[in-house]
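To start, the structure under review is shown below, and the notes come after it.
The values are calculated or read from the model by the stated rules, or taken from the named source; none is laboratory data. None of the values given here were measured: they were computed from a predicted structure. For neighbour counting, all protein chains shown are included, and Cβ atoms are generated from backbone atoms with ideal geometry for every residue, glycine included. For the accessible areas, the whole protein counts, side chains as well, though only heavy atoms, and no ligand, DNA or RNA atoms are used. Shrake-Rupley method; radii C 1.70, N 1.55, O 1.52, S 1.80 Å.
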Amino acid sequence: FASFRTLGDEAPLGLPPETSALLVDVTGDGQNYKLSLHTADSWAMAVPSWGHDIQAGPRTKHRLPIKSFRPSRQGRVVSAPALNPAEVTGLGFG
């Protein structure tokens, strides 16, 4: 198992607000993984992070619509306003 996340997550990553999806090119071992998007406050768990599950097998490209990312806090899905891509300050994969 390996995971990563961006560091220095106070400034937005630069995604335009009209971003509708992320394209992820992955090669894996058939296990399920999660791509997480964070806003500045979500690292402190005061607000939710946004996750999308991916099953990584042979090299494949996954188009992940922004609207399909689900807000969660401490592993539990929560209710939250829609994610604004321009507010994303970090991402993680694990």
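Numbers below:
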{"quantity": "Options PRO48, PRO65, PRO71; residue that is at pLDDT 85 or above, surrounded by 18 or more Cβ atoms within 10 Å (Cβ to Cβ) and of a type outside the set (Phe, Trp, Tyr)", "calculated": "PRO71"}
{"quantity": "Selected residue (criterion: farthest from the chain's Cα centre (by Cα)) from residues of region 17-36 that are in contact (Cβ under 8 Å) with a residue 40 or more places away in the chain and open to solvent by less than 60 Å² (accessible area, probe 1.4 Å)", "calculated": "THR19"}
{"quantity": "Count of residues meeting criterion [closer than 21 Å to GLY14 by Cβ, of a type in the set (A, V, I, L, M) and not in a loop (DSSP other than H, G, I, E, B)] in region 66-94", "calculated": "3"}
{"quantity": "Condition met for GLY92 (in contact with a Leu (Cβ under 8 Å, 6 or more places away or on another chain) and open to solvent by less than 40 Å² (accessible area, probe 1.4 Å))", "calculated": "yes"}
{"quantity": "Some residue of region 51-61 being small (Gly, Ala, Ser), assigned to a loop (DSSP other than H, G, I, E, B), open to solvent by 70 Å² or more (accessible area, probe 1.4 Å) and touching a residue at least 12 places away in the same chain (Cβ under 8 Å)", "calculated": "no"}
{"quantity": "Scope region 1-36; condition assigned to a strand (DSSP E or B) and over 18 Å from PRO71 (Cβ atoms); matching residues", "calculated": "PHE4, LEU23, VAL24, ASP25, VAL26, ASN32, TYR33"}
